[in-house]
């Protein structure tokens, strides 16, 4: 069910692939016209690892990043493990952290053309329910003198004024030296 919901978020399915594999890359639809690259499929049907339930009653998890033609993407899910509704609106604030939890110089970009972005809107996550966003990046090294980013953690502020949560990456956040991490807006998970 999670895989189906994620396919709807991304606007692409894993055609001809086994569930839980990253081999189903949809055919290139915009390559001849200079459009976006094919959206990668996300491999992990069950997001792991998960942060503990916070004092605000939420936890985060992250799918295994998937790569297609140098494009990487991963879904990050917020689960309301508390007893009260949790409000979100728009895009999360993000920072990529190294293994010592020090931030890299990465510019989060709100919105992406690489995968379907539902756009910012107010959401309420009921207890026991979830919302997610997708992060997208390219592992591209263009300058040999600039250190490449290989993040180990993702710091997420779900909404303005909310405490940050630090999520261990479920695979490398290997941004090369692009300094860019694109994100979709929050969307409710339908199960």
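The ratio of the alpha-carbon radius of gyration of segment 46-188 to the globular-protein estimate 2.2 N^0.38 Å is 1.01.
So how far, in whole Å, is the C-alpha centre of segment 80-96 from the one of segment 137-168? Centre-to-centre (Cα) distance: 18 Å.
Listed peptides 168-177, 129-138 appear in the order 129-138, 168-177 once ranked by packing, highest mean of other Cβ atoms within 10 Å at the front. Working from label points 7 Å from Cα in the Cα-to-Cβ sense, the residue 93 to residue 124 distance is 2.5 nm.
Every number here is computed from the coordinates shown, using simple stated rules; none is lab data. Not measured: the values here are computed from a predicted model. Every residue, glycine among them, receives a Cβ derived from its backbone with ideal geometry; neighbour counts consider all protein chains shown.
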